[in-house]
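Everything below concerns the one structure shown next.
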């Protein structure tokens, strides 16, 4: 009864306060990622963006993490330099990218501001607005994905051996609140502000606030390291990163399967989410505000269900089973969207459940499969693999839309009087969901062999 708390993380209030703080950083990240999605029709009429242009813009986020392997390198940097220095650097890059993106759409830039003439001098098939926004999206992606890796390691650092799955679920739920707010409020801000680009500037300002919030976190992280004998910045010699660790990851069948599930599942959800508001606008003849509100239900559902499923995983386990069920549900939802005219609200709520089941079970499972001292590298590798899909499938959706709707010419885009048929694009995502279901089934079977205990509660050791 008289035993004193050893560290800050032994205090329930402290560790959950930290979770809310870093979850806000990820929520601001998600808000910016999605804030432009419900404005796709506006980008088409204002700047002449085609669906391929929009798909290119969405996918540019993933280029540094796919082709430059920044999520992997960020994970290595995280394991070598620690949370404070790595997080501060990459959250700053994320913020700078957001500011550049907002500038690329702004009146200051489009009226001939700094860089406009230069951006118009090359790759003339793309508008100067698109090129500056792509540059911003690149820097935003350069920082954003590694910042999520950092936050994932923060959660493991503060919650491993405690309410880890619930913590991940709560963090994801709060972060998805950012996506909900983006889809819901971005069209409203656009319609009520003095200029439509205020909606993008608002998202960039949120990133600036998130950077300040992370700097506040670093003070608590420093205090925790001072209290703990397990210092995460000055690692012991045997704990330092070497490239043999990647060989161990690549030889781990469970890690490979969970990574493949990650890329297929997220590739069937995030690119759809980016196009969802436009999908509802076109298929159901809704306004930007109405379609944005329906698109926001996905994230609203995850806000409620992800912490709930995290709690259930902590208490009862069954992570592999939940990943199978969530993957199956995803397939049914995409087939419903593609082939029926069912009111989209109900399938979006179901998609929110599926999008809660799999992440709430998957991310804590990685902490069972991989040792804590290599968790940054493992998450970095997963995020890099995931970004391959997040780069490819927005591009493919845009290309499929343009190819299957050849009657929509640039002149018709400028008029705003057109309707895209999304059927084949959504069926492509349903196929991805089927692949994810297969990987989830194989992961459960492999767990019976490897014995990592994915079906056990979080506090039970194998």
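The values are calculated or read from the model by the stated rules, or taken from the named source; none is laboratory data. Note that the structure is predicted; figures quoted are calculated from it, not measured. Here the Cβ is made from the backbone with ideal geometry for all residues, glycine too, and neighbour counts use every protein chain on show.
In the set (1) modelled with pLDDT under 90; (2) touching a helix residue (DSSP H, G or I) at 6+ places or on another chain (Cβ under 9 Å), the condition left unmet by residue 420 is number (1).
Every condition in (1) surrounded by fewer than 22 Cβ atoms within 10 Å (Cβ to Cβ); (2) more than 22 Å from residue 375 (Cα to Cα); (3) in contact (Cβ under 8 Å) with a residue 12 or more places away in the chain holds for residue 101 except the one numbered (1).
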